[in-house]
Structures are given as structure tokens and as C-alpha cells.
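Below is one structure, written out as C-alpha cells, with a few remarks after it.
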Amino acid sequence: MKKMLVIAGLILSSCTEASAPDPIPTAPVVTTPDPVGEVQYFGQLKVTDGKLTDSTGEAVMLRGVSFGWHNWWPRFYNTSAVKYLKSDWNANMVRAAMGVDPADAYLENPEFAIGKIKAVVDAAIAEDMYVIIDWHSHDLYPEQAKAFFIEMAQTYGDSPHVIYELFNEPDYETWEEVKAYSEEIITEIRKYDPDNLILVGSPTWSQDIHIVAQNPILNQENIMYVLHFYAATHKDYLRERAEKAFKDGLPIFVTECAGMEATGDGPIDTASWNAWLSWMESRKISWAAWSIADKDETCSMVLPSASSEGNWTEAQIKPWGQVVKKALEKNLN
């Protein structure tokens with residue numbers, strides 16, 4: 001029994017600020033304020049009328065960070081790092097990005113991959129945080145994904161903290177292909193976990209949310225659809241596309257976002273990032289920023305000198321990490 005308790009160009013998925021006003025009129029959102037100074041845990045999540053809610057139907061919002069690919073930055077996949085991201089960065093959600101097909105990723109080394117994912121998931125559950133188990137791939141591997149998500153659902157199906165992300169960024173697959181794949185995986189997960197949140201990717205690096213809105217998955221509960229953006233590349237046109245899908249009732253979850261170009265590099269576009277952040281906040285669209293990694297690129301949030309277990313000095317947190325850390329303060333309000 002359980003406790004009570006989301007035509008620009010081609011993202012290469014490396015990673016990806018409100019000076020400028022939101023070009024879309026923003027309707028005020030009236031909610032009951034959470035206690036100030038405490039990162040909130042909302043218990044069992046569900047999707048109600050196209051929005052993420054707690055078990056009572058009250059709209060809620062998750063804000064957090066995504067770890068970088070586990071096969072390249074495994075050193076951050078540990079209990080202490082997760083605890084630190086809650087206590088110091090005020091994240092109420094983390095995303096464990098399990099690389100699937102590069103060298104030494106899941107397909108080559110599944111035992112190592114599952115060990116890293118479980119380390120993050122177990123730590124998040126212990127900290128009363130939500131955790132996205134992300135199948136971080138650009139290609140379809142239905143049988144392997146099915147086996148992986150069956151194991152995850154069998155292991156974590158009783159925990160309301162867990163969220164399943166079935167396909168990080170479909171690139172050239174059609175929505176019909178992604179939909180069929182997702183329906184098959186959802187069927188397997190629901191055998192062991194009847195109600196935890198499931199996130200479904202959208203075509204073209206999870207940007208074609210408008211196509212999904214025309215033909216969503218039917219007869220399934222607690223399903224949301226993934227949108228990714230990198231603010232220096234994806235601007236008004238993608239947000240307007242997402243806004244239409246949102247108004248049409250499509251439940252959206254932004255599992256990967258950042259302020260620079262889609263390559264993960266280049267300068268942070270502060271105005272575009274802030275326009276996106278304003279849009280997400282005003283509509284209570286949950287988001288995870290990319291990424292906890294130490295690569296020499298704009299989107300990696302820390303320097304190589306940063307400890308694997310958190311407790312980073314301000315000098316070890318790169319500019320993008322500072323921007324994200326500031327945005328996560330909203331989890332205290």
C-alpha cells in the first residue's frame with residue numbers, strides 16, 4: 001500500500017534567462033502557499049485535467065536538476081550528491097539520466113548502469129524527493145527498454161517518489177512510432193505500478209509537442225508528455241507551440257532545459273531563459289535543468305574540482321549552475 005503522500009534544429013543532446021516579457025499573456029495562478037523555507041514533498045502525484053497534482057487534486061510543481069549521462073559522469077550518482085541538491089540547492093526532484101547506447105552505457109554494461117540509477121533513486125526516496133528514471137536515448141530499443149522498466153517498476157512500484165521517463169529524446173522517429181513504443185512500455189509498467197507518473201517523449205528531440213497534442217495516448221492515467229528546450233536556440237516559436245498544446249489540455253513536463261544553445265555550449269541567453277522560466281512558473285509546468293556534470297561546456301554546472309558528493313564552493317559552481325540554483329529557490333515558497 002503506498003504512502004500518501006512533461007523547427008528548431010537538431011539537438012545533439014549534450015545539454016542544452018524575465019528580462020524580456022513573456023510574449024504570451026500570463027494568467028495568474030492562485031494556489032495555497034506552501035510553508036516558507038521548506039522544500040515540499042507532495043505525496044502521490046497524479047494528472048488531473050492536464051495538470052500535475054497531489055493526491056487531493058491540488059496543482060503542484062516540481063523543480064530540479066538532471067544528472068548528466070551516468071556513463072560519463074557516474075561520480076555524481078551517489079547518496080551525498082542527492083542530499084546536497086535538496087539541502088543546499090532546494091531541489092525537490094532529480095533526474096537520473098541513464099545512458100543507453102554509448103560505450104559503457106546500459107546496453108554494454110547494464111549492471112553498472114542499474115547500480116548507478118538505483119543509488120540516485122534510493123537516495124531521493126530517503127530524502128522525500130521525486131526522481132525521474134530516464135531512459136536516455138535517441139533511438140528505439142523496445143525489448144531492452146521493456147526489460148529495464150519492468151525491473152524498475154517491480155523494484156520501485158510501491159514508492160510514490162518515482163517517475164518513469166520512457167524515451168529521453170526521439171530524434172527522427174515519428175510520433176506514431178514513439179506512441180506505439182510508449183504504449184507497449186506503459187502496459188508493462190502498469191502490471192507492477194498502477195499509478196506512478198509516466199513521461200512520454202515527443203519527436204524531434206522532444207520538441208514536437210504539437211503533434212502529440214493531436215493524437216495523445218488514450219485510456220491511460222497519470223501520463224505526461226516531454227518538452228525539451230535550450231533557450232538560446234528555442235525561442236518564441238517553440239513556446240507558442242507548447243502553449244497551444246497546453247491550452248488544448250496536453251499535460252506537459254519539461255524534463256530537460258537550459259539557457260544556452262542546443263549544443264550545450266555558447267553564452268547563456270538570459271532574456272530567453274527568463275521568458276521560458278516565467279512561462280513554466282505561471283502554468284505550473286515542472287522542469288529539470290541540465291546538467292550535473294563537469295564537462296568543459298556551458299551547460300555542465302560544476303567544475304572538475306567539485307567534489308563528487310556535493311558541498312561545492314561558489315567558485316566551483318559554473319554560471320549556469322548559479323542560475324539554476326537561484327531558480328530552485330522557488331521551491332521554498
At 1.4 Å probe size, with the rest of the protein present, what percent of the exposed accessible area of the range 99-210 is carbon and sulfur atoms? 49 percent
What net charge is computed for the residues neighbouring residue 121, neighbours being all others with C-beta under 15 Å from the C-beta of residue 121, Lys and Arg scored +1, Asp and Glu -1? -3
Would you kindly state how much longer the chain becomes between residue 109 and residue 151 on full extension, computed as 0.36 nm times their sequence separation minus their alpha carbon distance, in nm to one decimal? 13.6 nm
Within 11 Å, Cβ to Cβ, of residue 197, how many net charges do the neighbouring residues add up to if Lys/Arg are +1 and Asp/Glu are -1? -3
Ratio Rg/Rh, restricted to the range 227-333 and using Cα atoms, in which Rh is the Kirkwood radius: 0.99
Euclidean distance of C-alpha centroids, the range 122-149 and the range 76-94, integer Å: 17 Å
Counting only other residues whose beta carbon sits under 13 Å from that of residue 180, what net charge do I get with K and R as +1, D and E as -1? -3
Which pairs in the list 86/116; 116/325; 247/318; 51/318 are over 28 Å apart, alpha-carbon to alpha-carbon? 247/318; 51/318
Give or take rounding to whole Å, what are the principal axis extents of the alpha carbon atoms in the range 98-248, in descending order? 40, 34, 30
Once you place label points 7 Å from the Cα toward the Cβ at residue 172 and residue 210, how far apart are they in nm? 2.3 nm
Accessible area of residue 51, 1.4 Å probe, to the nearest 10 Å²? 90 Å²
What helix-only [θ] at 222 nm does the chain give? Using -39500 (n - 2.57) per DSSP H run of at least 4, over all residues, to the nearest 500, the answer is -9500 deg cm²/dmol
To check my understanding: the extent here is largest minus smallest coordinate of the Cα atoms along each principal axis. What are those three numbers for the range 194-254, in Å, largest first? 39, 19, 16
Restricting things to Cα coordinates, could you compute the convex hull volume per residue of the chain in Å³? 120 Å³
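The values are calculated or read from the model by the stated rules, or taken from the named source; none is laboratory data. Everything numeric in this text was worked out from a predicted model, so none of it was measured. Neighbour counts are summed over all protein chains in view; Cβ atoms, including those assigned to glycine, are modelled from backbone coordinates with ideal geometry. Please note that ligands, DNA and RNA were not included when accessible areas were found on the heavy atoms of the full protein model with its side chains. Shrake-Rupley method; radii C 1.70, N 1.55, O 1.52, S 1.80 Å.
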